[in-house]
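Okay, so here's the structure we're looking at.
The values are calculated or read from the model by the stated rules, or taken from the named source; none is laboratory data. Since this is a predicted model, take the numbers as computed values, not measurements. Cβ placement follows ideal geometry from the backbone for every residue including glycine, while neighbour counts extend to all protein chains displayed. For accessibility, only protein heavy atoms count, side chains too; no ligands or nucleic acids. Shrake-Rupley method; radii C 1.70, N 1.55, O 1.52, S 1.80 Å.
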Amino acid sequence: MRLTELYRSGKPDVSIELFPPKTPEAVEKLFETVEQLKSLRPVFFSMTFGAAGSTRDLTLDLCDRLKNRSKVETMCHLNIIGQSREETLRNLKRLKEAGIYNLLALRGDPPKDQPNFKPHPEGFRSSVELIEEAHRDPWFSIAVTGFPEVHPEAQDRASDIAYLKRKIEAGGCVVITQLFLDNSYFFEFIGLVRKAGIAVPVVPGILPILSVPQVRKFAALCGSTLPVSVERELVKVEGSEEGAVKYGIDLATRQCEELLKAGVPGLHFYALNRARSTKEILSNLRLGGVK
Ligand SMILES: Cc1cc2nc3c(=O)[nH]c(=O)nc-3n(C[C@H](O)[C@H](O)[C@H](O)COP(=O)(O)OP(=O)(O)OC[C@H]3O[C@@H](n4cnc5c(N)ncnc54)[C@H](O)[C@@H]3O)c2cc1C
C-alpha cells in the first residue's frame, strides 16, 4: 500500500525499520529476521540509506529484495548528501524499476569522520528539493522526518516546525519522528504541528532499547533526551544485555500504550535488525497479529 493510503483505518499501522548489514552472512540473517517479523503484519519495512556509496547501492538492492523476493511492502530511505543530481535521479529511477513507491526523503548528515565535508556542487541542496523532485512523479508516496525535541541544527522550535511545513507543502504525506524516550516531547510537538496547519499523519518513531551504551550513543547523536527516570533504570541494567533488552521492551510498551491512547495513527519501530523486542512489544499491546 502507498503511504497515502495508510494511517486511515482507525487501527494503528505498524512499520519496521531495518538497516543494511555489513556482511553477506548478516544480510542472510536479516532476511531470516524479516520472515519472523512478517507475522506481525507490518504495513511496510523500511531500509535506511547510508552516507557512503557502496552502502547506498546495498540499500537499493535490499529494498528490491524485500519488495520482490520477500514480497513485503517496502519504504526506501533516500538522502541527497554528497551526491550529484544525476545520482539522486538514478536512485529514484532504480526504486521505480523495482516497483517501490514509498520513500522517506532525507537530506542526511555529513559523515562524522569528514570535518571538511562539502556538499556536492551539483547535488540537490535540501530535503525540500528532493521531495519536490520525487513529488513531480505521481508514482512516489513520500514520508518526511519530524523532530519532537527540535532538530539540533534548527534555529529554534518555530523554524523547525516551519521547515517541516515546507517539506509537507513540497509533497510529504506523512511525518515519521525521530526517537524520543519521554512522550511529553511528542505531545508538545504534535500540538505545534497541528497549530501550524500541518494535517498529515504523524507517526512516532519508537526505539526498543537493546543495550545501554547503544541508547546513550543514539540519544546523543539524535539530540534526544535521556530522562532521569530512564537513566536511573539504565544504570541498574548496565553490563546486562538481557536486562537492557527487557527494560527496553517494558519502556517501549509503556510509551506505546500512552501514545495509542492519545490516538497516534501508527508506530514506527527502529528494530535494529532484531525481531524479539518488536514482537514482544506488539504482543504486550495486542497488536500486529500477535496473540
Ligand atoms: C525516521 C528517520 C529515519 C532516518 N533515516 C536515515 C537514513 O536512512 N539515512 C540517513 O543518512 N539519515 C537518516 N536519518 C537521520 C537524518 O538524516 C538526520 O536526523 C538529519 O540530521 C536530519 O534529517 P533530514 O535528513 O530529514 O533533514 P531535514 O529535515 O531536511 O533538516 C533537518 C533540520 O535542519 C533544519 N534545516 C535544514 N535545511 C534547512 C533550510 N534550508 N532552512 C531552514 N532550516 C533547515 C530544519 O530545522 C530541519 O528540521 C533518519 C531520521 C529519522 C527521524
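Considering only residues that are touching a residue at least 40 places away in the same chain (Cβ under 8 Å), of a type outside the set (S, T, N, Q) and within 22 Å of Ala154 (Cα to Cα), look in the range 212-235 and name the one that is surrounded by the most Cβ atoms within 10 Å (Cβ to Cβ). Within the range 212-235, the match that is surrounded by the most Cβ atoms within 10 Å (Cβ to Cβ) is Ala219.
Residues checked against (1) open to solvent by 10 Å² or more (accessible area, probe 1.4 Å); (2) closer than 19 Å to Gly205 by Cβ; (3) touching a strand residue (DSSP E or B) at 6+ places or on another chain (Cβ under 6 Å):
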{"residue": "Leu18", "(1), (2), (3)": "no, yes, yes"}
{"residue": "Lys71", "(1), (2), (3)": "yes, no, no"}
{"residue": "Met75", "(1), (2), (3)": "no, yes, yes"}
{"residue": "Tyr101", "(1), (2), (3)": "yes, no, yes"}
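Condition first: on the phi > 0 side of the Ramachandran plot and touching a Phe, Trp or Tyr at 6+ places or on another chain (Cβ under 9 Å). Can you find one or more residues in the range 160-175 that meet it? Yes, the range 160-175 contains a residue that is on the phi > 0 side of the Ramachandran plot and touching a Phe, Trp or Tyr at 6+ places or on another chain (Cβ under 9 Å). The lone criterion from (1) touching a Ser or Thr at 6+ places or on another chain (Cβ under 9 Å); (2) within 15 Å of the ligand (Cβ to nearest atom); (3) touching a residue at least 60 places away in the same chain (Cβ under 8 Å) left unmet by Pro21 is number (1). Under the condition of being in contact (Cβ under 8 Å) with a residue 40 or more places away in the chain and either of a type in the set (Phe, Trp, Tyr) or open to solvent by 20 Å² or more (accessible area, probe 1.4 Å) (or both), the residues counted in the range 30-44 number 6. Does the range 22-42 hold any residues that are touching a helix residue (DSSP H, G or I) at 6+ places or on another chain (Cβ under 9 Å) and among the aliphatic types (A, V, I, L, M), and which are they? Listed by number, the residues that qualify are Val27, Leu30, Val34, Leu37, Leu40.
A count restricted to the range 103-129 and to residues that are over 16 Å from Met47 (Cβ atoms) and either open to solvent by less than 20 Å² (accessible area, probe 1.4 Å) or hydroxyl-bearing (Ser, Thr, Tyr) (or both) stands at 5. Under the condition of being of a type in the set (S, T, N, Q) and open to solvent by less than 10 Å² (accessible area, probe 1.4 Å), which residue from the range 45-69 is farthest from Asp113 (Cα to Cα)? My answer is Ser46.
Tallying residues that are open to solvent by 10 Å² or more (accessible area, probe 1.4 Å), farther than 17 Å from Asp109 by Cβ and part of a helix (DSSP H, G or I) within the range 130-163 yields 8. Taken over the range 249-278, the criterion of being open to solvent by 70 Å² or more (accessible area, probe 1.4 Å) and part of a helix (DSSP H, G or I) is satisfied by Asp250, Arg254, Glu257, Glu258, Lys261, Arg276.
Within the range 236-248, being open to solvent by 50 Å² or more (accessible area, probe 1.4 Å) and over 13 Å from Gln214 (Cα atoms) holds for Lys236, Glu242, Lys246. Within the range 166-177, residues that are polar (S, T, N, Q) have Cβ atoms under 8 Å from residues that are more than 8 Å from the ligand (Cβ to nearest atom) in these pairs: Thr177/Pro148; Thr177/Phe186; Thr177/Phe189; Thr177/Val202; Thr177/Val203; Thr177/Pro204, counting only partners at least 6 apart in sequence or on another chain.
Scanning the range 71-110 for residues that are of a type in the set (Lys, Arg) and within 27 Å of Ser39 (Cα to Cα) gives Lys71, Lys96. Confirm whether Ala199 is outside any helix (DSSP H, G or I), of a type outside the set (Phe, Trp, Tyr) and open to solvent by 60 Å² or more (accessible area, probe 1.4 Å). Against the criterion (outside any helix (DSSP H, G or I), of a type outside the set (Phe, Trp, Tyr) and open to solvent by 60 Å² or more (accessible area, probe 1.4 Å)), Ala199 qualifies.
Can Gly243 be described as farther than 23 Å from Pro148 by Cβ, over 24 Å from the mean Cα position of the chain (by Cα), modelled with pLDDT under 95 and of a type outside the set (A, V, I, L, M, F, W, C)? Give the derivation first.
Values: farther than 23 Å from Pro148 by Cβ: yes; over 24 Å from the mean Cα position of the chain (by Cα): yes; modelled with pLDDT under 95: no; of a type outside the set (A, V, I, L, M, F, W, C): yes.
Answer is no for this residue.
Counting the residues of the range 164-176 that are assigned to a strand (DSSP E or B) and buried (at least 22 other Cβ atoms within 10 Å of the Cβ) gives 4.
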